[in-house]
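To start, the structure under review is shown below, and the notes come after it.
Bear in mind these aren't lab numbers, they're just calculated from the coordinates by the rules spelled out. From a predicted model like this one, the values you see are computed outputs, not experimental measurements. Cβ coordinates were reconstructed from backbone atoms using ideal geometry, including for glycine residues, and neighbour counts include every protein chain displayed.
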Amino acid sequence: MQPLLIDHDDALDFGLHALLELDPKLKPLLALSGRPPLRKRAPGFPGLAGIIVSQQVSTASAASIWARITAEFPALAPAHILESDDVRLKALGLSAPKIRTLRATADAVVTGTLPLDTLHRLEAEEAVEALTAVKGIGPWTADIYLLFCLGHSDAFPAGDLALQEAARVGFRMRARPDAAKLEKLARRWRPYRGVAAKLLWGYYRVMKAGREAAPAGD
């Protein structure tokens, strides 16, 4: 069965209702943080490229680099990356590792080894496996693409530090869970782990803003 796609507001509301039915302990977190935003961006190569560009740089730097890229290539396609030399791409603000990752991704899309058009039909683990088969794409990038470009309901970036910290506070954990522990905790939320991620990010933003963060109920 094709996974549910959280790609519009009604689908997000449906996913939240289903998630809270699975785990009522999330209700206090939602009550504090409010309904999380959908935060949907266009799927396909431009969406994945934008996520790659944003890795390990500040939001401002990522926005600046992406603005230069889209100005240079208004309809960014794999061919633009494959046909541009390193000098041209570095002038846009791209580092050598990101150029290599973008080239590998563009090549995988062109050759069909990365079927971006059909990833939404796969279970989360299968889709992550397809994405991380591309050199330079890690699990976090894969899950973020599934969540925000495809709207995959069950993608869950367990290695995300904000999710780990939100879980620590929200579930009264003594220490911040690592990716393996958070992945285990998230099993109860399947097939709506992606919705849970959005909820936890919203809760984390409340924590960072300095508002009282109520833990989940017993």
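What is the gain in length, in nm to one decimal, between Arg35 and Ser58 on full extension, counting 0.36 nm per residue of separation less the C-alpha to C-alpha distance?
That pair, Arg35 and Ser58, stretches by 5.7 nm at full extension.
How long are the semi-axes of the equivalent ellipsoid of the stretch 45-150, taking √(5λ) for every eigenvalue λ of the Cα gyration tensor, in whole Å from largest down?
Taking √(5λ) for each eigenvalue gives 22, 15, 12 Å, largest first.
Could you tell me the ratio Rg/Rh of the chain? Both radii from Cα atoms, Rh via Kirkwood.
1.00
Label points 7 Å out from Cα along the Cβ direction at Asp85 and Arg174: separation in nm?
6.0 nm
Under a straight-distance cross-link criterion of Cα-Cα below 27 Å, which lysines are reachable from Lys25, leaving out those fewer than 8 residues away in the same chain?
Result set, ordered by chain and number: Lys40, Lys181, Lys184, Lys198, Lys208.
Taking only Cα atoms and a 10 Å spring cutoff, compute GNM fluctuations for the chain and point out the largest among Arg174, Arg193, Arg35.
Taking springs between Cα atoms under 10 Å, the residue moving most is Arg174.
Arrange Ser33, Ser58, Ser64 by Cβ neighbour counts within 10 Å, fewest through most, would you?
Going from least to most buried by this count: Ser58, Ser64, Ser33.
With charges only on Cβ, +1 for K and R and -1 for D and E, what is the dipole size of the stretch 61-170 about its Cα centre, in debye, rounded to 20?
About 460 debye.
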